[in-house]
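The values are calculated or read from the model by the stated rules, or taken from the named source; none is laboratory data. It should be emphasised that the depicted structure is a prediction, and the values quoted were computed from it without experimental measurement. Counting neighbours? That spans all protein chains shown, and the Cβs are built from the backbone with ideal geometry, glycine included.
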2 protein chains.
Amino acid sequence: MDSIADDAGGKRARGLDRAFEILDFLRQNRRALKPNEIAAQIGAPRSSVYELVNLLLRNGILEFTGGDGRVFLGRKLYFLGAAYENHFDFTRECENALEWLAGETRETAQFCMLDGNKYMVVRVKEGARPFRIATDVGRLIPIPWTASGRLLVSHLSNEEILAFIPKSDFRLPNGEWLEPQTFLAEVRQAEKDGFFTFNSIVDSFTHCFAVPLKDESKHPVATLCLVTPRDDGLANRDHYLSCLMKAAVSLRDATRTQPS
Amino acid sequence: MDSIADDAGGKRARGLDRAFEILDFLRQNRRALKPNEIAAQIGAPRSSVYELVNLLLRNGILEFTGGDGRVFLGRKLYFLGAAYENHFDFTRECENALEWLAGETRETAQFCMLDGNKYMVVRVKEGARPFRIATDVGRLIPIPWTASGRLLVSHLSNEEILAFIPKSDFRLPNGEWLEPQTFLAEVRQAEKDGFFTFNSIVDSFTHCFAVPLKDESKHPVATLCLVTPRDDGLANRDHYLSCLMKAAVSLRDATRTQPS
DNA sequence: ATCATATGTACATTATAATGGACATTGACG
DNA sequence: CGTCAATGTCCATTATAATGTACATATGAT
């Protein structure tokens, strides 16, 4: 009942929450929208959305773009994001690690994190294969659908995990139901191993590898992954895993917060 | 009386404005701060700041970091900024242009924009000189202090410019007073020429070159600049200018919004 | 010990922000 | 033409958010 937003029943929503709901909605749609569309799709009062959008426009958080009064995320957000990136300076090292991984394995390498209670690919370096496996940076995916998901919640207790992940996210895209207990067992195993690999459950031809990146308090904050064709993944399993481990170690220091 | 925030007299500030004031303040300080410090330094009621900070923490807009209850910009902002960057996909091209400029001239090349009513270096590529001229990415500088400043306000009328730029920004760092009329004349000349160059008025040893990048409605949205030692700048003036022009043309398409 | 300062929490008050309409405009479509 | 849906603006109402204040605790100086 926290993280994103809770559209409970009859209470008024707070402006700030609504505002960030709007921003997140635009991010996920990845295109400019009219205030009216936004209001309709997030189920908020039109008058409220218009008011907030105007407020955000005045602050440069949103910008008119695409014509017809459509708005999208604004320059100010880019500046703020850049400041974050600059402070927690993992980007350069991360890019290097992905580069090295993709070069070493010729597979698609990814840097992934949680966004709220969803999994998200933050950065990707495509492999050098003729048929590359594409992934969408920034798209939100249910945690149980991914190998990384097993690692990214491993600091939570079983109860916390079940409370954290929406029940419906255990329904796989093919309609099958992933038993939460199965998922929890895999989380615990992954936590013990320090990695997780499996034949992807969202398609029939990929194998996924993931290793965690932990912060100073040993909480997983991100993962490095490889997405490979199944046969390659199985054939090179040991090599790929050791590559991931090596990359993770090289990133360990970079992901840390530098105090003061 | 818009853009950033107006700490007028006795009215209550709006939460959203206050919130983004906090975010901007953190960005400019470039380090984690305690809510108490923030409140003191931006002149806001402590109780309000605590409330907002907690709200922002819950949304991932702010994060605890640095210990002692200090907070800094959060991961969510990075995601939002990345979405902006991805949508207005100028970054890759921009990086290329700066790379090329720095290589061609061996001088420091910059990509600059306005942030509210201040000038800001967004990206920089240091030149290959033994003594490089350093600049701070993200620091806010009064518009009249910079060559780019002449270009970035050129779409405004004289009256609008004077209303837009705080009076105190015409006071140069050495204490001298830059006559606004002089500045306006330079703006109009720069607009006509399509570039602006001068011996920097913030130090005694650099020469600056700037050319505008315009959007589809011919408004300048950014500049490309070179910062050079004075003698080099004067000696290579024509070459440097033509490089900048060339780079600007190559970026022209990339900075445009791609509709739908 | 005594005082001052920095820091976080709790709560009542009241200015106001979020909301639900009403209203106006436009364009598509029969 | 009339009708409907989409879009934007305006405004009164009331739930609540922003604030001031008091309180609690640590820390350090005197």
Segment B:63-73 - residue that is surrounded by fewer than 23 Cβ atoms within 10 Å (Cβ to Cβ), in contact (Cβ under 8 Å) with a residue 12 or more places away in the chain and at the interface with chain A (Cβ under 7 Å from one of its Cβ atoms) and, of those, nearest to A:Phe72 (Cα to Cα): B:Thr65
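Out of A:Phe196, A:Phe183, A:Phe170, A:Phe205, which single residue is hydrophobic (A, V, I, L, M, F, W, C), farther than 27 Å from B:Glu63 by Cα and loosely packed, with under 14 Cβ neighbours inside 10 Å?
None of the others qualify; the one that does is A:Phe205.
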Residue under evaluation B:Lys76, criteria (1) within 13 Å of DNA strand C (Cβ to nearest atom); (2) more than 7 Å from every other protein chain (Cβ to nearest Cβ), criterion not met: (1)
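Table: residues versus (1) buried (at least 22 other Cβ atoms within 10 Å of the Cβ); (2) more than 25 Å from the chain's Cα centre (by Cα); (3) closer than 23 Å to B:Ala82 by Cβ; (4) among the polar types (S, T, N, Q).
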position	(1), (2), (3), (4)
A:Lys11	no, yes, no, no
A:Phe25	no, no, yes, no
A:Gln28	no, no, yes, yes
A:Ala40	no, yes, no, no
A:Ser48	no, yes, no, yes
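Identify, please: which residue in segment A:2-49 is at positive phi and within 11 Å of chain B (Cβ to nearest Cβ) and is, among those, modelled with the lowest pLDDT?
A:Ser3
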Residues satisfying the stated conditions in segment A:19-47, i.e. in contact with a Leu (Cβ under 6 Å, 6 or more places away or on another chain) and within 11 Å of DNA strand C (Cβ to nearest atom): A:Ala19
Residues within segment A:85-107 that are under 19 Å from the mean Cα position of the chain (by Cα) and either in a loop (DSSP other than H, G, I, E, B) or surrounded by fewer than 24 Cβ atoms within 10 Å (Cβ to Cβ) (or both), tallied: 10
Residue under evaluation B:Ala44, criteria (1) within 12 Å of DNA strand D (Cβ to nearest atom); (2) surrounded by 15 or more Cβ atoms within 10 Å (Cβ to Cβ); (3) among the small types (Gly, Ala, Ser); (4) assigned to a helix (DSSP H, G or I), criterion not met: (4)
Members of segment B:109-151 found to be at pLDDT below 95 and either outside the structural domain of B:Glu179 (by TED's automatic domain parsing) or farther than 20 Å from B:Arg27 by Cα (or both), listed by number: B:Lys125, B:Glu126, B:Gly127, B:Ala128, B:Arg129, B:Pro130, B:Phe131, B:Arg132, B:Ile133
Residue in segment A:155-176 that is in contact with a helix residue (DSSP H, G or I) (Cβ under 7 Å, 6 or more places away or on another chain), farther than 16 Å from A:Phe209 by Cβ and free of Cβ contacts under 8 Å to residues at least 24 places away in the same chain present: yes
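Scan A:Ser217, A:Ser200 and give me the residue that is modelled with pLDDT under 95, closer than 23 Å to A:Val124 by Cβ and out of contact with any helix residue (DSSP H, G or I) (no Cβ under 7 Å at 6 or more places or on another chain).
A:Ser200
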Condition met for B:Val221 (touching a Lys or Arg at 6+ places or on another chain (Cβ under 8 Å), among the β-branched types (Val, Ile, Thr) and under 30 Å from A:Arg30 (Cβ atoms)): yes
Failed criterion for B:Ser217 (all others in (1) touching a residue at least 12 places away in the same chain (Cβ under 8 Å); (2) at negative phi hold): (1)
